[in-house]
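Working notes for the structure below.
The values are calculated or read from the model by the stated rules, or taken from the named source; none is laboratory data. The shown structure was predicted, so the numbers you read here are calculated from the model rather than taken from an experiment. Cβ placement follows ideal geometry from the backbone for every residue including glycine, while neighbour counts extend to all protein chains displayed.
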Amino acid sequence: MINQLYFLIKLPSMDNFYKYLPVSKEDQMWGLHVLNAGCNIIGKNTSYPSRDHPAHHYFSWNKGRILDEYQIIYITQGTGTFQSASVGESKVREGSVFVLFPHEWHRFKPDKSSGWNECWVGFKGTIADNIVINQFFSSNNALLDIGMNDEIMSLLLQIIEHAKNEKPGYQALVSGIVLHLMGHIYSTLKGQNITELNHTELIINKARLILRANIEKIISVEDLAEELNVSYSWFRRAFKDYTGIPPNQYHLQLKIEKAKLLLAEPSHSIKEIGLALNFDTPSHFSKLFKNKTGLSPEQFRLNANTNHVQQHNA
C-alpha cells in the first residue's frame, strides 16, 4: 500500500511525461547512454500507445515493433499483455517489469478494463551489451515479476527528473542510475529465489544424508523422492542442478569412495567388498570401479599398498 501511495503521490507532477533525448559522441563513449524516459497513466478504455510518440517508437498491437535499444518498463498498477519473439503472449500484472532488447520483436498493451501505470527508460551502450552477453538478463526471460518496489520506482523517477532538466553532464549521471536500476532488479530477483533455494537445499541435503547413510544398500531414486514427499521428476532434476550429477550417480560415487577405503585394507577380498556394497557381481563391481577411477580394484589396491609402504619407509 505504501508503494502504491508513493507512485500516486509522485507521478501526477509528471502526468504522461516522456522525453526523447539527444545523444552526443561523448555520451556514447561513456559506455551507456539514455535515449528516452517517461511515465504514463493509461486509463480504462484508452487507446494505446499514444500517437504522440515518434514514429520510430509508435506501434500497433497487430504489427508490434522492433527497437534498436534496450528498454526497462515497470507496471505499477493495472494489468495487460506482453509478447516478444522469445516470450509467448503472457499476462502482465501490477509489479511486472518487462525488458525490451535491441532487434527483438515485441508488443504489449494494457487491458481495456483496467488500464495501467507505466514508467520506463530506454538506453544503449556496450555496458548494457556486456550485461546481457553474460546472461544477467535474457530475452528468454524478459517478463519479470518484481512486485511493488519503492527503490525501483525511485530510480526511474530520478532518471526522468534528470532527463527533464538536461543539466550539463546529466547523461553520465543517468547512465549510472540505469546501471543501479539493472543491478537492483537483478538483486531483487535473486532475493525472490532464496525461499525456493532454501527449500531445494533442504531437500537435497536430506537426500544426500540418506544416500550416505545407505551406501551399502540399493537405493531406488523413486522411493527416495517419495520419502522426501516430492515428485521423482522434480527431485531428479533438482538434485542434478544442485550437485551436477543425477542421484543414482551420486550414490554410485559414494560406493566407489567407500570401496577405495576398503581396498586399502588387505583384510577384505575384492569379492567381499563388491558384495558388501551390493554390486550385482564381482565383475560388475570391477567394471564400474575401473570406469570411475581408471584403475581396476586390483591395480588400485596395489597402488594403495605401494604408497603405504613408501610412506612408512620414509
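Please pick out the residue among Gly176, Gly122 that is touching a Leu at 6+ places or on another chain (Cβ under 6 Å) and either of a type in the set (Gly, Ala, Ser) or part of a helix (DSSP H, G or I) (or both). Quick ask: steps written out before the conclusion?
Numbers: Gly176 fails: touching a Leu at 6+ places or on another chain (Cβ under 6 Å).
Only one candidate passes the filter, namely Gly122.
Taking the stated definitions as given, is Phe82 in contact with a Ser or Thr (Cβ under 7 Å, 6 or more places away or on another chain), surrounded by 17 or more Cβ atoms within 10 Å (Cβ to Cβ) and at pLDDT 90 or above? Break it down stepwise before answering.
Working: in contact with a Ser or Thr (Cβ under 7 Å, 6 or more places away or on another chain): yes; surrounded by 17 or more Cβ atoms within 10 Å (Cβ to Cβ): yes; at pLDDT 90 or above: yes.
Against the criterion (in contact with a Ser or Thr (Cβ under 7 Å, 6 or more places away or on another chain), surrounded by 17 or more Cβ atoms within 10 Å (Cβ to Cβ) and at pLDDT 90 or above), Phe82 qualifies.
Select from region 85-113 the residues that are among the small types (Gly, Ala, Ser) and modelled with pLDDT of 95 or more and list them in ascending order.
Quick first cut of region 85-113, residues among the small types (Gly, Ala, Ser) only: 85-86, 88, 90, 95-96, 113.
Listed by number, the residues that qualify are Ala85, Ser86, Gly88, Ser90, Ser96, Ser113.
Name every residue in region 33-70 that is surrounded by 14 or more Cβ atoms within 10 Å (Cβ to Cβ), outside any loop (DSSP other than H, G, I, E, B) and either of a type outside the set (Val, Ile, Thr) or more than 31 Å from the chain's Cα centre (by Cα) (or both), in order of residue number.
Those that are surrounded by 14 or more Cβ atoms within 10 Å (Cβ to Cβ), outside any loop (DSSP other than H, G, I, E, B) and either of a type outside the set (Val, Ile, Thr) or more than 31 Å from the chain's Cα centre (by Cα) (or both): His33, Leu35, Asn36, Ala37, Gly38, Cys39, Asn40, Gly64, Arg65, Tyr70.
Pairs under 9 Å by beta carbon, first residue surrounded by fewer than 15 Cβ atoms within 10 Å (Cβ to Cβ) in region 11-32, partner modelled with pLDDT under 90 and among the polar types (S, T, N, Q), six or more apart or different chains?
Short answer, once both residue conditions are applied: Asn16/Ser50.
For the list (1) assigned to a helix (DSSP H, G or I); (2) out of contact with any helix residue (DSSP H, G or I) (no Cβ under 7 Å at 6 or more places or on another chain), I need the number of the one condition that Gln171 fails.
So Gln171 meets the others, but not (2).
Looking only at helices (runs of 4 or more DSSP H) that lie completely in region 227-314, which have at least 2 residues being hydroxyl-bearing (Ser, Thr, Tyr) and out of contact with any His (no Cβ under 8 Å at 6 or more places or on another chain)?
Working: elements: 232-243, 247-263, 270-276, 282-293, 297-313.
By residue number, 232-243, 282-293.
To keep it simple, each residue is scored yes or no on (1) closer than 20 Å to Arg93 by Cα; (2) touching a residue at least 12 places away in the same chain (Cβ under 8 Å).
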| residue | (1), (2) |
| --- | --- |
| Ile177 | no, yes |
| Ile185 | yes, yes |
| Gly191 | yes, no |
| His199 | no, no |
| Ile204 | no, yes |
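Could you list, in sequence order, all residues of region 270-283 that are without any contact (Cβ under 8 Å) to a residue 12 or more places away in the chain and over 17 Å from Asn214 (Cα atoms)?
Correct list: Lys271, Glu272, Thr281, Ser283.
Just checking, which of Asn205, Asn198 is part of a helix (DSSP H, G or I), within 20 Å of the chain's Cα centre (by Cα) and within 26 Å of Leu252 (Cα to Cα)? Write out each step before concluding.
On the way: Asn205 fails: within 20 Å of the chain's Cα centre (by Cα).
On inspection, the qualifying residue turns out to be Asn198.
If you go through region 108-157 one residue at a time, how many are in contact with a Phe, Trp or Tyr (Cβ under 6 Å, 6 or more places away or on another chain) and basic (Lys, Arg)?
1
So which residues in region 85-119 are of a type in the set (Gly, Ala, Ser) and either in a loop (DSSP other than H, G, I, E, B) or touching a helix residue (DSSP H, G or I) at 6+ places or on another chain (Cβ under 7 Å) (or both), if there are any at all?
Taking region 85-119 and keeping what is of a type in the set (Gly, Ala, Ser), we get 85-86, 88, 90, 95-96, 113-115.
Listed by number, the residues that qualify are Ala85, Ser86, Gly88, Gly95, Ser113, Ser114, Gly115.
Give Ser231, Ser267, Ser286 a once-over and let me know the one that is loosely packed, with under 15 Cβ neighbours inside 10 Å, small (Gly, Ala, Ser), in contact with a helix residue (DSSP H, G or I) (Cβ under 7 Å, 6 or more places away or on another chain) and without any contact (Cβ under 8 Å) to a residue 24 or more places away in the chain.
Working: Ser267 fails: in contact with a helix residue (DSSP H, G or I) (Cβ under 7 Å, 6 or more places away or on another chain); Ser286 fails: loosely packed, with under 15 Cβ neighbours inside 10 Å.
None of the other options fit; the residue is Ser231.
Are any of the residues in region 175-185 crowded, with 17+ Cβ neighbours inside 10 Å, of a type in the set (Ser, Thr, Tyr) and over 14 Å from the mean Cα position of the chain (by Cα)?
Looking for residues that are crowded, with 17+ Cβ neighbours inside 10 Å, of a type in the set (Ser, Thr, Tyr) and over 14 Å from the mean Cα position of the chain (by Cα), one finds at least one in region 175-185, hence yes.
For region 259-305, which residues satisfy the criterion of being touching a Pro at 6+ places or on another chain (Cβ under 9 Å) and among the hydrophobic types (A, V, I, L, M, F, W, C)?
Within region 259-305, Ala259, Leu263, Ile270, Ile273, Leu275, Phe285, Phe289 meet the criteria.
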